[in-house]
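Written below as structure tokens is the structure these notes are about.
The values are calculated or read from the model by the stated rules, or taken from the named source; none is laboratory data. On a predicted model such as this, the values are computed, not experimentally measured, just so you know. No Cβ is skipped: glycine too gets one built from the backbone with ideal geometry, and neighbour counts run over all protein chains shown. Protein only, heavy atoms only, side chains kept; ligands, DNA and RNA dropped before computing areas. Shrake-Rupley method; radii C 1.70, N 1.55, O 1.52, S 1.80 Å.
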Amino acid sequence: MDSQDFGFPFPPYKIQQDFMTALHEVIEERQIGIFESPTGTGKTLSLLCGALTWLRRHEERLKEDLRLKLKDLQHTIAEEEKNSSSSCDWIDSQYATIKLKEDLTSQKQLLDKILEYEKRIEAIRAKKGKETRRKRNFRTREQEKCDDEEAGEKPVEDVEDFALDDVEQEDELPEEIPEEQYKNTKIFFCSRTHSQLSQVIDEVRKTKFAGNLRVVSLASRQNFCVNQEVKDLRSAALINEKCLDLQRNRSKATSVEESGKILKRKRGRGCEFLRESAVESLRNAAISKVLDIEEIADAGRMEKACPYYASRAALPDAQLVLLPYQMIFHRRTREQMGIDLRDSVIIIDEAHNLLETVSSIHCAEIDLEQLKEAHGQLTAYRDRYLKRFSTRNLLKLNQLIFVAGRLVKMLPVAQTGHRVCLTHQFMSEGEFFSINLHELLMFCEKTRLAQKVHGFSVNFGGKIPEAEPKKSATQLLLEKLEQKKPKKPQIPAVQEEEEPRKKPSSVIRPLLAFLQCLTEDIADGRILLSWDVKPRMKYILLKPDAHFAAILAECRAVIVAGGTMQPTSELREQLFFRHKARIREHIFDHVVSRDAVLPIVVPRGPTGKPLCLNFASRSSRDSLAAIAMSLQNLCNVIPAGIVVFLGSYDYLDVVFRHLDESGVLERIRARKSVFREPRQGGARVEKLLSEYASAVARGGAIMFSVVGGKLSEGLNFSDDLGRCVLVVGLPYPNKNSPELVEKMKHCDAILRPGAGNEFYENLCMKAVNQCIGRAVRHINDYASVILLDERYAQERTSQKLPGWIRRSLKEASNFGMAQSLLVKFFREKRAKDRC
């Protein structure tokens with residue numbers, strides 16, 4: 001298979017061709033593929049072209065195979081009928097013929113469904129094309145008037161609506177695909193953030209498949225909502241609850257016949273963006289053209305349609321589905337979104353932290369303050385509506401209040417330190433082991449208890465409202481006379497603009513999320529009770545494979561890919577160990593030549609003393625002085641931009657303070673502009689990167705960053721932005737962390753002795769490899785990588801570096817040797833650039 005077979009938009013490099021070929025084979029053979037392709041090698045485009053080529057061929061081959069099978073069956077039936085008249089056993093012959101005809105009918109029905117499905121898709125595209133040609137991007141006054149009438153007036157919120165209903169309601173899901181309708185094969189492409197998924201859309205548009213490909217981007221209501229009143233709530237939980245509330249209150253039947261036919265319907269407070277015709281139109285647009293999340297949201301605003309429900313409605317007809325990790329890894333989220341993984345292909349991009357991601361999604365934490373607040377709100381809520389509850393509702397509510405009260409008592413304020421226990425031990429100590437948490441959580445979900453209690457607490461402050469005292473006739477008369485008095489005109493005082501009040505978040509949802517974790521298998525996790533910072537309890541998932549097993553059982557193939565996947569042993573042992581026969585590992589080299597990267601281990605500082613920057617010694621005066629002198633000397637020989645990575649924000653503060661006090665910072669500023677990664681993200685990081693790029697263009701800059709921080713993953717320091725990546729020390733996590741201790745114990749017990757320590761080392765090296773991958777982003781790029789610690793020279797450590805780094809790794813016997821290697825490297829590169 002050549003590049004034309006895969007539809008690659010330009011002549012691919014050999015590793016890209018090999019990547020696509022291996023990917024096609026893994027999907028075809030229903031395997032689990034682990035792919036490593038360094039950043040800058042076109043990994044995303046290779047993933048898309050390889051997978052979409054397979055999908056296109058699979059769809060064509062399915063129809064071709066059905067036609068051949070129908071032809072063979074018809075021929076076999078004709079032969080069987082011809083021979084049945086002369087057969088000795090007429091009954092058996094007729095029975096065989098009937099079975100063949102049944103098989104023929106079922107295969108013909110399947111082919112008819114596929115052809116009918118394709119016609120329906122073409123009709124949708126044609127209809128949407130006509131709408132686009134008519135430029136229906138505006139609304140007439142009559143249409144706006146109809147929309148306003150449909151949305152209805154917004155009535156005053158009725159506080160009595162907070163009471164629980166006996167009717168159990170569920171989240172409204174898109175209509176399920178009827179059994180008789182054809183279900184097409186899908187490719188689910190998931191990544192860490194929505195910005196990364198938007199970049200995937202850009203890559204899709206480069207391929208030959210873009211013109212006839214049905215792509216759907218899934219996201220949360222928080223990302224998709226275009227109703228400004230709902231979007232202003234900020235909190236994801238509050239936006240979800242308000243959205244569902246607006247749906248349920250759109251209309252209410254007030255007159256119903258005995259047969260069940262609704263005679264009269266009362267309009268309620270609905271969402272103007274939930275008109276069925278508009279949502280359907282936006283759905284058609286989503287599968288007719290390749291759109292990213294922002295473009296779908298913009299189209300929703302123009303058409304007055306909900307992008308969230310339009311994308312969900314488009315999901316059954318999609319060929320390529322883009323979605324964040326949460327939606328694919330969390331079972332309940334998959335069910336709520338209507339995601340069906342059967343016979344699908346799942347591509348997990350940026351999968352270097354897959355184990356940690358799955359574990360974090362299924363963890364839950366709640367502190368003592370939240371528990372007390374939840375207990376108080378539930379108690380006040382029960383007392384306010386006590387007479388309106390049914391017996392069943394009151395029983396379940398009392399059970400939840402009891403559980404919340406017992407959890408509060410399990411975090412005594414006077415205690416210190418931490419302790420870890422199993423789930424059943426925790427529930428026994430709390431004395432709520434006999435309560436069926438599954439039923440209790442189902443009750444909370446169907447009655448929307450969290451939403452009701454939160455609305456009650458916002459309106460009443462969590463307290464039972466007191467009735468206003470009755471006023472006498474005299475008091476009423478005096479108030480009326482006071483209102484009739486002429487008032488003197490007053491000059492309005494200039495008022496300062498108040499900041500918008502931050503809407504409180506629900507404390508019931510963290511409680512329910514924690515209880516949901518308690519229903520997991522006992523062996524899968526532990527409960528951590530900690531008093532180190534503030535009293536809190538946390539569920540820690542130790543076996544992520546328990547939640548990944550359902551995905552592997554349903555889908556056709558799973559592809560995990562990343563720029564730095566090594567070491568891959570933990571994926572084999574902890575996530576895919578039940579499917580070892582299906583695993584195929586493909587590690588690819590970088591597209592750049594060997595001489596484009598200069599990785600150097602620097603085991604000694606400028607004074608000749610060994611550099612062992614472990615936690616105990618890294619903040620000593622000698623270590624800080626060695627780091628400062630090294631940075632100063634390296635700034636003298638490395639051109640353009642340098643990105644320095646340190647172990648934590650606290651250690652960055654320590655190093656920066658020493659650089660300032662010793663005068664080294666001032667000497668560095670004489671050669672390069674100095675920048676420092678902030679603890680806060682968002683707009684500040686974007687501004688920082690812009691200023692850094694400008695400083696590099698003016699002559700040079702150095703950026704101090706943090707391993708595992710905002711600049712260590714997903715960012716591109718190509719060309720002059722990152723001529724050197726310098727990693728100071730080995731960024732091991734805190735080995736005394738109770739969560740890490742439990743995970744290491746679990747690895748030793750389940751896998752083998754020493755597996756826990758290997759897991760600990762892998763956490764460190766995966767973070768280092770991510771930092772290294774920020775530089776050398778395309779085939780003509782070049783950079784140096786400096787590892788400032790003698791421990792990098794140990795084979796156990798260096799073997800966990802990426803292959804394209806190991807192939808050229810050099811160990812400098814002294815600091816002067818490292819400088820001379822750098823001078824020679826950049827002199828040659830500058831000379832080549834001038835040529």
Quiz item: Arranged from highest to lowest average of other beta-carbon atoms within 10 Å per residue, in what order do the peptides 597-603, 626-632, 814-820, 232-238 appear?
Solution: 597-603, 626-632, 814-820, 232-238
Exercise. Can you work out the accessible area per residue across segment 669-719, with the rest of the protein chains kept in place, probe 1.4 Å, in square angstrom?
Key: 49
Quiz item: Tell me, what % of the accessible area of segment 6-101 is carbon and sulfur with a 1.4 angstrom probe?
Solution: 54
Quiz item: Hey, if you drop one equal point scatterer on each alpha-carbon of segment 358-447 and run the Debye formula without solvent, what base-10 log of I(q)/I(0) do you get at q = 0.15, 0.21, 0.22, 0.24 Å⁻¹?
Solution: -0.69, -1.22, -1.30, -1.42
Quiz item: Which order do 304, 69 take when ranked by solvent-accessible area (1.4 Å probe, heavy atoms of all protein chains), largest first?
Solution: 69, 304
Quiz prompt | Pair residue 59, residue 669: separation of 7 Å Cα→Cβ label points (nm) | solution = 6.0
Self-check item: FRET efficiency, residue 372 to residue 335 (Cβ-Cβ, R0 45 Å, nearest 0.05)
Solution: 0.90
Quiz item: Out of residues 5 or more away from residue 784 or on other chains, whose amide H comes under 5 Å of its own, with H placed 1.01 Å from N in the peptide plane?
Solution: 598, 724, 725
Practice problem: Counting only heavy atoms of the protein chains, get the accessible area per residue of segment 513-610 (1.4 Å probe) and round it to a whole Å² value. | Solution: 36
Quiz item: Hey, quick one: spin label on residue 587, modelled 7 Å out along Cα-Cβ, who in segment 24-50 has an amide N within reach, i.e. under 13 Å?
Solution: 34-38
Quiz prompt | Volume of the Cα convex hull of segment 619-658, divided per residue and given in Å³ | solution = 67
Quiz prompt | Distance (nanometres) between label positions extended 7 Å along Cα→Cβ at residue 195 and residue 419 | solution = 4.4
Quiz prompt | Förster-model FRET efficiency, 51 Å R0, residue 439 and residue 831, C-beta, rounded to 0.05 | solution = 0.10
Quiz prompt | Pairwise label distance in nanometres, residue 392 with residue 458, each label 7 Å out on the Cα-Cβ vector | solution = 2.9
Exercise. Calculate, in nm to one decimal, what residue 236 and residue 734 gain on full extension: separation in residues at 0.36 nm each, minus their alpha carbon distance.
Key: 176.1 nm
Practice problem: Find the centroid of the Cα atoms in segment 593-659 and in segment 758-835, then give the distance between the two in whole Å. | Solution: 13
Quiz item: Considering only protein heavy atoms, what per residue accessible area in square angstrom results for segment 287-409 with a 1.4 angstrom probe?
Solution: 37
Self-check item: For segment 576-732, radius of gyration divided by Kirkwood radius, i.e. Rg to Rh on alpha-carbons
Solution: 1.03
Quiz prompt | With every protein chain in place, segment 650-689: carbon and sulfur % of accessible area (1.4 Å) | solution = 44
Quiz prompt | Over segment 643-728: Kirkwood hydrodynamic radius from C-alpha pairwise inverse distances, Å | solution = 13.2
Quiz item: Net charge near residue 817, counting Lys/Arg +1 and Asp/Glu -1 over other residues with Cβ under 10 Å of its Cβ?
Solution: +1
Quiz prompt | Two-site FRET efficiency, residue 790 against residue 202, from Cβ-Cβ distance with R₀ of 45 Å, rounded to 0.05 | solution = 0.55
Quiz item: Which cross-chain or sequence-distant (5 or more) residues have an amide H under 5 Å from the amide H of residue 189, H modelled 1.01 Å from N in plane?
Solution: 321, 322, 323, 347
